[in-house]
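Heads up: the structure comes next, in structure tokens.
The values are calculated or read from the model by the stated rules, or taken from the named source; none is laboratory data. Treat the numbers as computed from the prediction; the structure is a model and nothing was measured. Neighbour counts run over all protein chains shown; Cβ positions are idealised from the backbone, glycine included. Quick note on the areas: whole protein, heavy atoms, side chains included, nothing else; ligands and nucleic acids left out. Shrake-Rupley method; radii C 1.70, N 1.55, O 1.52, S 1.80 Å.
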Amino acid sequence: MYNYDFPAGNFSYIDNIGLGNALSEGKGSQSSYKEASNLIGFFGRLTYNYKEKYLVMANLRHEASSRFVGTKQPWGTFPSVSVGWRISEEDFMKEIGFVDNLKLRAGYGVTGTAPDELFLGVSRLGYDTRYLIDGQWVLGLSPINNPNPYLKWEVKKRNKCRY
């Protein structure tokens, strides 16, 4: 809701937005908005270590979002893998007293992001301009977007190395 030109005093939109004169003069506006989306996903992880020295971890996410309604590929698959070497468990490190835990780790992974907007995969109509028809103002419909059935997850590939 949008209103302005409030009477003098300590009034503002917080106190009562209906007190502004713009709304009563037809200059203010009212609107509402509601949005909801769903996400479904499956996640799997495998871990392996050999003698607490050599470590491997693999993850796999498989997700779909309602933001991809009308697209050909609403599902995205996002793998990741990391390997680690706990150097502090090696025999040559046992003599070094000031090092408790030293590990080298490297990984690669893919993440996915769904679009911020809803229903980009289908055609949509929305109310737009008012038109004077037979002496009455009628709110007209117009296209909001063209369908994009080839919309996919935004994919980012990352490498990491830690020590």
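Odds and ends about this structure:
- Some residue of the range 145-163 being surrounded by 14 or more Cβ atoms within 10 Å (Cβ to Cβ), in contact with a Lys or Arg (Cβ under 7 Å, 6 or more places away or on another chain) and not aromatic (Phe, Trp, Tyr): yes
- Per-region count, the range 35-74, residues open to solvent by less than 60 Å² (accessible area, probe 1.4 Å) and over 30 Å from SER88 (Cα atoms): 12
- Exclusive hit being over 30 Å from TYR48 (Cα atoms) and in a loop (DSSP other than H, G, I, E, B), set TYR150, TYR131: TYR150
- Apart from one condition, PHE11 fits all of (1) under 37 Å from the mean Cα position of the chain (by Cα); (2) at pLDDT below 75; (3) open to solvent by 90 Å² or more (accessible area, probe 1.4 Å); (4) hydrophobic (A, V, I, L, M, F, W, C); the exception is (1).
- On the stretch given as the range 134-147, residues that are over 30 Å from ARG61 (Cβ atoms) and assigned to a strand (DSSP E or B) total 9.
- Residue within the range 80-100 that is within 26 Å of the chain's Cα centre (by Cα) and either under 30 Å from GLY26 (Cβ atoms) or open to solvent by 40 Å² or more (accessible area, probe 1.4 Å) (or both) present: yes
- Taking residues in the range 67-82 that are closer than 13 Å to LEU120 by Cβ, and partners anywhere that are part of a strand (DSSP E or B) and not charged (D, E, K, R), the pairs with Cβ atoms closer than 7 Å and at least 6 places apart or on different chains are PRO74/ALA64; PRO74/SER65.
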